[in-house]
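The values are calculated or read from the model by the stated rules, or taken from the named source; none is laboratory data. For clarity, every value in this text was computed on a predicted model and none was experimentally measured. No Cβ is skipped: glycine too gets one built from the backbone with ideal geometry, and neighbour counts run over all protein chains shown.
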Amino acid sequence: MELYDVDPCKDVRWQRFLDRRPDASVFHTPGWLEALRRTYDYEPVVYTTSSPGKDIVNGQAFCRVDSWLTGRRLVSLPFSDHTGVLMNGLDDLESLLSRLQHEVDRKNWRYVDIRPAAGEFQHSSRFRESDIYYLHRLSLDKGIDGLFRSFHKNCIQRKIRRAEREGLDYTEGRSEILIRQFYRLLMLTQHRHRLPPQPISWFRNLAECLVEAMKIRIASKNGHPIAGMVTLSYKNSMVYKYGSSDSKYHKYGGMAFLFWKAIQEAKTRGFAELDLGRSECDNSGLVTFKERWGAKRIILTYWRYPANAVTSPRLWEFKAAKKLLALVPASALPAAGRLLYRHVG
């Protein structure tokens, strides 16, 4: 079965196809892919069995990543927690996987990564498991009061009530002011974790490319931003993508306040779930936090060909690099992020 290449940012058939697919996510959309292109210079591509001029009936989105540091590879998709497989049946999927294996072998790519939604990648090819994470999703099938009662009483409910007693201010949108407020908080958060922040251009491009599908939420105390969140919305799902905070103000419950605001909006808009994203399986603190909101844990498996390809080096995750970054002044971390992030998607 022949496969064709489509530019999903320019070919209007791709968005029309996504509109018809209930399992499409925000990570498939032209807006997300265009933000990846603008920020990191990745090349988005969709492989489909649909010939030019015909309606697209299946397809899988990838980015071609060409890095002098981590090599040339195909990723579906960089900085995306999961990218559902939008092929129709095993025959279509096997045609896709065969084409991908051929691309890697013929063009000397290091590997191809597929990051499907949980449990949807049944195949007979030479792809093998590469990474395993937990994915948490909070069902919004209860009423708003029932949802609140389902939260952990001491760790979640109490913080929300504290935030309300403190009279925290709430602002939302995509303005340059909100981007800068969020980014300042992100730099504080990443510095605490000895990690460089994503480039600020990434958030500007998300705001410009995703428009209403992207929202920045800021909690403030006496006019001072203390917590920030980025959520993405598409079809029946809201995705919690990024969070940041000023540790000096944690006692006011700013992050719990923002999560509650996001949940209330998602419920009002009729969304079926709040996707809390992936967590590393050994990050017990993050896993526990998500489950205290009542989110259910499922296994998220990434797949790779060839199976023996070494995982892309994520330099700051090595202990030596983290120790080094701890010595770097906060003002220098954004430059480190601009240098490193495009190599690790």
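Only one of the numbered conditions (1) in contact (Cβ under 8 Å) with a residue 60 or more places away in the chain; (2) under 16 Å from the mean Cα position of the chain (by Cα); (3) surrounded by fewer than 19 Cβ atoms within 10 Å (Cβ to Cβ) is violated by Gln198, and that is (3).
Check off (1) assigned to a helix (DSSP H, G or I); (2) touching a residue at least 40 places away in the same chain (Cβ under 8 Å) for Arg180 and give me the number that stays unchecked. The one condition Arg180 does not meet is (2). What about Val57, is it within 20 Å of Phe121 (Cβ to Cβ), free of Cβ contacts under 8 Å to residues at least 40 places away in the same chain, β-branched (Val, Ile, Thr) and touching a Ser or Thr at 6+ places or on another chain (Cβ under 9 Å)? It is false that Val57 is within 20 Å of Phe121 (Cβ to Cβ), free of Cβ contacts under 8 Å to residues at least 40 places away in the same chain, β-branched (Val, Ile, Thr) and touching a Ser or Thr at 6+ places or on another chain (Cβ under 9 Å). Scanning segment 99-127 for residues that are at pLDDT 90 or above and farther than 18 Å from Arg72 by Cα returns a single hit, Pro116. Looking across segment 133-160, the residues that are out of contact with any strand residue (DSSP E or B) (no Cβ under 9 Å at 6 or more places or on another chain) and buried (at least 20 other Cβ atoms within 10 Å of the Cβ) come down to Phe151, Ile156, Lys159. Scan segment 100-129 for residues that are within 14 Å of Ala61 (Cβ to Cβ) and of a type outside the set (A, V, I, L, M) and the total you get is 3. Taking into account only those residues within segment 215-241 that are touching a residue at least 60 places away in the same chain (Cβ under 8 Å) and hydrophobic (A, V, I, L, M, F, W, C), which is surrounded by the fewest Cβ atoms within 10 Å (Cβ to Cβ)? If we take residues in segment 215-241 being touching a residue at least 60 places away in the same chain (Cβ under 8 Å) and hydrophobic (A, V, I, L, M, F, W, C), then Leu232 is surrounded by the fewest Cβ atoms within 10 Å (Cβ to Cβ). Ser98 meets the conditions (1) touching a residue at least 60 places away in the same chain (Cβ under 8 Å); (2) outside the structural domain of Val287 (by TED's automatic domain parsing); (3) surrounded by fewer than 20 Cβ atoms within 10 Å (Cβ to Cβ); (4) in a helix (DSSP H, G or I) in every case but one. The failed one is (1).
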